[in-house]
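Data first, discussion second: the structure below is written as structure tokens.
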Amino acid sequence: MYLLSNVSDLGRILSDMYHKAPHGKQVAKIHLFGVKYADVIMRNNLSVKEIVSVSGINPSYATEVSKGIKLSEFVIPRDLTT
């Protein structure tokens, strides 16, 4: 299994999740990204700002990714597809 551990891969995934999200659900998908990839981001000491920058979405969404990372301590995502 391929392990994600770099900013480029995660930026691409975040971009896909954001752009494929149903209208009105984009921010929820950003939170889900943070929940789903929190372990990878923290384990590899990756910059959330860099991931968001590479994704091409609005830089202010770094805050939303960080919220998802914090939520990862308390939730388990039901939808594990991107």
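The values are calculated or read from the model by the stated rules, or taken from the named source; none is laboratory data. Just so it is clear, the model here is predicted, and its values are computed rather than measured. The accessibility values were calculated without ligands, DNA or RNA, using every heavy atom of the protein model including side chains. Shrake-Rupley method; radii C 1.70, N 1.55, O 1.52, S 1.80 Å.
Classification of the stretch 2-82 by its C-alpha gyration tensor yields a rounded form. The axis ratio a/c (a ≥ b ≥ c) stays under 1.5. Apolar share of the accessible surface for the chain: 55 percent from carbon plus sulfur atoms, 1.4 Å probe.
Annotation: per residue accessible area for the chain equals 65 Å², rounded to a whole number [probe 1.4 Å, protein chains only].
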